[in-house]
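The values are calculated or read from the model by the stated rules, or taken from the named source; none is laboratory data. The shown structure was predicted, so the numbers you read here are calculated from the model rather than taken from an experiment. FYI the Cβ positions are ideal-geometry reconstructions off the backbone, even for glycines, and counts take in every protein chain you see. We work out accessible area using only protein heavy atoms, side chains counted, and drop any ligands, DNA or RNA first. Shrake-Rupley method; radii C 1.70, N 1.55, O 1.52, S 1.80 Å.
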Amino acid sequence: MLPDPETFRRVMGHFVTGVTVVTTYRDDGSGRPYGITVNALTSVSLEPPLVMVAIGHGRRIEPHLRTTGRFAVNILAAGQQRLADCFAGAEVEPDREAFCGADWTPGSTGLPLLAGAIAHLECTTVEIISVGDHDLHIGRVDHLATNPGHDPPLLYYRRRYVRVEQATETRPEGRP
Ligand SMILES: Cc1cc2nc3c(=O)[nH]c(=O)nc-3n(C[C@H](O)[C@H](O)[C@H](O)COP(=O)(O)OP(=O)(O)OC[C@H]3O[C@@H](n4cnc5c(N)ncnc54)[C@H](O)[C@@H]3O)c2cc1C
């Protein structure tokens, strides 16, 4: 007998991930951005550089992703939990229909990039593979960058946000 979805989620929750917001433009020609919180991101290939994001069937972003054929991955910093919640549909104002009130700019390829993210990937979709109840969006990375001097990442573990505590050490001045 297969594990039930709840057990599967609980066990897989032990695999620590970062948290991203996948962004694209709406399919109505308005030029307005849209986003969804995603932790199912993995690199797939180095040459060519490919990444995969897994998007559940029926997500509202789906038609926008398919029409635009491009998406950006914004890797969130520890201080961006509010955006992670908002882009996951939390009942907050401004909500995700208002792009969570997030500051953003068009990237090198024009995709919407969130200010304060620790890294960005701008991708062209090369394949969408429907598997089980998710679509795997394979993106060729056209442009990527890290934010110099960025904060530590926001992490996700056992369905909780986790932050990295950076230990510091200082050499003693006196004789030990
Ligand atoms: C840390 C974290 C990581 C996550 N990682 C992932 C991930 O890797 N992949 C993933 O897919 N999700 C992930 N999620 C969940 C995802 O972010 C949220 O479930 C998502 O934002 C909910 O968006 P949704 O409304 O599109 O989808 P759902 O909550 O699934 O709602 C879809 C429902 O809305 C209805 N609907 C569809 N379009 C419209 C519309 N235009 N207007 C009104 N109703 C409509 C549909 O009929 C359906 O019933 C993650 C969430 C968190 C917090």
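What the table below lists for this structure:
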| item | result |
| --- | --- |
| Strands (runs of 3 or more DSSP E) within the stretch 83-141 that include 3 or more residues over 15 Å from the mean Cα position of the chain (by Cα) and loosely packed, with under 15 Cβ neighbours inside 10 Å | 119-131 |
| Residues satisfying the stated conditions in the stretch 100-133, i.e. touching a Pro at 6+ places or on another chain (Cβ under 8 Å) and over 26 Å from Ser43 (Cα atoms) | Cys100, Gly101 |
| Cβ-Cβ under 9 Å pairs, at least 6 apart or on other chains, the stretch 40-63 side without any contact (Cβ under 8 Å) to a residue 40 or more places away in the chain, far side open to solvent by less than 30 Å² (accessible area, probe 1.4 Å) and near the ligand (Cβ under 7 Å from one of its atoms) | Leu41/Val53; Leu41/Ala54; Thr42/Val53; Thr42/Ala54; Arg59/Ile36; Arg60/Ile36; Ile61/Ile36; Ile61/Ile55 |
| Leading residue by the ranking (farthest from the chain's Cα centre (by Cα)) among those in the stretch 61-82 that are assigned to a strand (DSSP E or B) and not aromatic (Phe, Trp, Tyr) | Arg70 |
| Scan of the stretch 24-55 for residues that are more than 12 Å from the ligand (Cβ to nearest atom) and not in a loop (DSSP other than H, G, I, E, B), ordered by number | Thr24, Tyr25, Pro33, Ser43, Val44, Ser45, Leu50, Val51 |
| Looking only at the stretch 142-176, and only at residues there that are assigned to a loop (DSSP other than H, G, I, E, B) and among the hydrophobic types (A, V, I, L, M, F, W, C), the one that is nearest to Thr20 (Cα to Cα) | Val164 |
| Which numbered condition Gly58 misses (of (1) within 11 Å of the ligand (Cβ to nearest atom); (2) open to solvent by 10 Å² or more (accessible area, probe 1.4 Å); (3) under 12 Å from the mean Cα position of the chain (by Cα)) | (3) |
| Cβ-Cβ under 6 Å pairs, at least 6 apart or on other chains, the stretch 154-176 side hydroxyl-bearing (Ser, Thr, Tyr), far side assigned to a loop (DSSP other than H, G, I, E, B) | Tyr156/Val19; Tyr156/Asn39; Tyr157/Val16 |
| Selection from the stretch 61-80 of residues that are open to solvent by less than 30 Å² (accessible area, probe 1.4 Å) and out of contact with any Leu (no Cβ under 8 Å at 6 or more places or on another chain) | Ile61, Glu62, His64, Leu65, Gly69 |
